[in-house]
Amino acid sequence: MEGNIIQPLIGALISSTIAIRAYKRKSLNLSGAIAGFLVMTIHFAVSYRFGAIILAFFLSSSKLTKVGEEKKRRIDADFKEGGQRNWIQVLFNSGIATVLALAIWKLRGWQEVCLDTKESTVLTALLGGIIGHYSCCSGDTWSSELGVLSDATPRLITTFKHVRRGTNGGVTIAGLAAAAAAGGVIGVTFVLFGLFTTSCEYSVALKQLLVIPLSVMAGVCGSLIDSLLGATLQFSGFCTVRNKVVGKPGPTVKKISGLSILDNNAVNLISIILTSLLTSIFCVYIF
């Protein structure tokens, strides 16, 4: 029982430290900091490994958001210093994984588990969903934040025609490479912390290494799904007054691509759901 009390307390301490730091550095606004504290505390309370994964996603994404800020300011019509994500963006990027983590806790309590369908197909599927979730989120963020800084002109994923930087659905080789690296970071974090928190049979433990290439593919897959949805169901246009790519039609806006059906949050959510589902299925099949 003592360990069950200590783990949430440790999670709350780490989460509050990160949330306050992020608020001061303008990575999160006040509502985002509160939401971030809650979801991160839940992750740590359920599993130190889940806490490490959400930390890897959040810290790396926040750092990359600040890279090349001046260039991003000139390109992005919705640019905010430091990123300043709000509670909606926090929940869209961590809500599903939080629900999956709570489902795992309901089934196994604080006992750490490995990806092993012989032990439990349901738990393996839930773990796979969390891996896919953060591989997708990280892949999308890394590809967006680093891809826009690439000297290469992006191509629209549906037509492969050159488009302006900041166009929804525009992809570059650098952006896809960043998505792969982001997924790899999530996979490595899962495997490394699993070495210290789980006790699996040798053959099962060795098989956990397959999470790394799987998360790499999930990162790229999530980024591609996001780009496809962005190119088709999310509006992009060029504003001749602001001289920037914008996400809403207007009298001074010339359409580039997409329909005004989904906004950025909806695109991210659908990408996360699909990538989490696919990764979950692959985990059940592989492990």
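Looking at 152, 103, 178 in this structure, which one is open to solvent by less than 60 Å² (accessible area, probe 1.4 Å), at pLDDT 90 or above and more than 16 Å from the chain's Cα centre (by Cα)?
Values: 152 fails: at pLDDT 90 or above; 178 fails: more than 16 Å from the chain's Cα centre (by Cα).
Exactly one residue qualifies, and that residue is 103.
With respect to the numbered conditions (1) without any contact (Cβ under 8 Å) to a residue 60 or more places away in the chain; (2) assigned to a helix (DSSP H, G or I); (3) surrounded by 15 or more Cβ atoms within 10 Å (Cβ to Cβ), which one is the sole condition not fulfilled by residue 262?
Here residue 262 meets the rest and fails (2).
Restricting attention to segment 48-80, and to residues there that are part of a loop (DSSP other than H, G, I, E, B) and touching a helix residue (DSSP H, G or I) at 6+ places or on another chain (Cβ under 7 Å), which single residue is modelled with the highest pLDDT?
If we take residues in segment 48-80 being part of a loop (DSSP other than H, G, I, E, B) and touching a helix residue (DSSP H, G or I) at 6+ places or on another chain (Cβ under 7 Å), then 67 is modelled with the highest pLDDT.
Which of the residues that make up segment 85-120 are of a type in the set (Ser, Thr, Tyr), without any contact (Cβ under 8 Å) to a residue 60 or more places away in the chain and outside any helix (DSSP H, G or I)?
Going through segment 85-120, the residues of a type in the set (Ser, Thr, Tyr) turn out to be 94, 98, 117, 120.
Keeping just the survivors that are without any contact (Cβ under 8 Å) to a residue 60 or more places away in the chain gives 94, 98, 120.
Within segment 85-120, 120 is the sole residue that qualifies.
Which condition number does residue 243 fail, the rest of (1) at pLDDT 90 or above; (2) open to solvent by 40 Å² or more (accessible area, probe 1.4 Å); (3) not charged (D, E, K, R) being met?
(1)
Take the residues in segment 153-169 that are in a loop (DSSP other than H, G, I, E, B) and touching a Ser or Thr at 6+ places or on another chain (Cβ under 6 Å), then tell me which one is farthest from residue 230 (Cα to Cα).
The first filter runs over segment 153-169 and keeps only residues in a loop (DSSP other than H, G, I, E, B), leaving 153-154, 157-161, 163-169.
Remaining after also requiring touching a Ser or Thr at 6+ places or on another chain (Cβ under 6 Å): 154, 157, 167-169.
On the way: 154: 14, 157: 9, 167: 8, 168: 5, 169: 5 Å.
Per the stated criteria, the residue is 154.
Which residues, taken from segment 18-36, are open to solvent by less than 80 Å² (accessible area, probe 1.4 Å), in a helix (DSSP H, G or I) and either under 14 Å from residue 59 (Cβ atoms) or in contact (Cβ under 8 Å) with a residue 24 or more places away in the chain (or both)?
To start, the set of residues in segment 18-36 that are open to solvent by less than 80 Å² (accessible area, probe 1.4 Å) comprises 18-19, 22, 27-29, 31-33, 35-36.
Right, trim to in a helix (DSSP H, G or I) and you get 18-19, 22, 31-33, 35-36.
Selection gives 18, 19, 22, 31, 32, 35, 36.
Please find, among 252, 279, the residue that is β-branched (Val, Ile, Thr), without any contact (Cβ under 8 Å) to a residue 24 or more places away in the chain and farther than 21 Å from residue 156 by Cα. So that I can check it myself, show each step before the final result.
Working: 279 fails: without any contact (Cβ under 8 Å) to a residue 24 or more places away in the chain.
On inspection, the qualifying residue turns out to be 252.
The values are calculated or read from the model by the stated rules, or taken from the named source; none is laboratory data. Remember, predicted model here, so these are calculated numbers, not experimental data. So basically every Cβ, Gly included, is an ideal-geometry build from the backbone, and we count neighbours across all protein chains shown. SASA here: full protein model, heavy atoms, side chains in, ligands and nucleic acids out. Shrake-Rupley method; radii C 1.70, N 1.55, O 1.52, S 1.80 Å.
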